[in-house]
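The structure appears below as structure tokens.
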Amino acid sequence: MTDQPPGPGFLPPGQQPEPPIGGPVGAPPPGPGTPPQGFPPTPPPGSGFPSGPPPQEFPSGPPPQGFPPGPPHSYPPQPGSTRPRGRGSIVLGIGITYATFAAAWFCLTFAFTSDALAGPLSTLSAVLPMALIVVGIVLAALPKTTRTGAGILIGIGSAILVAGGLCVALLSGLGR
């Protein structure tokens with residue numbers, strides 16, 4: 001005996017061959033006008049039944065009860081289908097960032113002009129940017145203030161780019 005696998009026509013003892021798709025064994029092949037088995041028959045044209053997918057029609061007139069006002073094709077979202085958007089303002093977050101950096105800058109510049117306030121003002125100028133990063137991350141994580149937190153984080157990144165550009169501009173202007 002050989003250890004080769006059985007061929008494509010091999011059937012274990014006691015098993016009958018399955019009829020091919022399209023009809024029983026020995027039946028003539030279906031003609032060009034007959035539908036394949038397993039599908040509902042298509043109605044003849046002009047019988048009053050639609051022959052294709054139903055047309056998309058939108059009702060005219062006022063929307064049914066429970067629907068919001070708007071175009072006839074606007075229906076309320078299904079529960080759980082969309083994630084609620086965060087509230088807040090990205091522009092507000094960017095404004096908070098630039099105001100905080102301006103306050104930190106003024107604290108740092110006035111820290112060197114006054115002996116009595118030098119310590120607190122220099123500490124405040126270092127703490128404000130660090131606190132802003134923490135506040136931005138916390139606000140971005142909360143669902144109600146996501147957009148404001150994102151605005152703060154965007155503002156931090158843009159402020160770094162602006163400060164770097166100003167630094168390069170001033171240094172290149174001094175080299176002439």
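Observations, loosely collected:
- Extension gain, L161 back to L92 (0.36 nm per residue minus Cα-Cα distance, nm): 22.9 nm
- Sorted on the mean count of surrounding Cβ atoms within 10 Å across their residues, most packed first, peptides 142-154, 121-133, 96-108, 158-170 read 142-154, 96-108, 121-133, 158-170.
- Here the label points at L117 and Q15, each 7 Å from Cα along the C-beta direction, are separated by 9.2 nm in the simple model.
- Residues in the range 136-151 carry Karplus couplings, in order, of x, 5, 5, 5, 5, 7, 7, x, 6, 10, 4, 5, 5, x, 5, x Hz; the curve used is 6.51 cos²θ - 1.76 cosθ + 1.60 with θ = phi - 60°, and Gly or Pro positions show x.
Every number here is computed from the coordinates shown, using simple stated rules; none is lab data. Given the structure is predicted, the values throughout are model-derived calculations rather than measurements. Ideal geometry is used to build each Cβ from the backbone, glycine not excepted, and the neighbour counts take in all protein chains shown.
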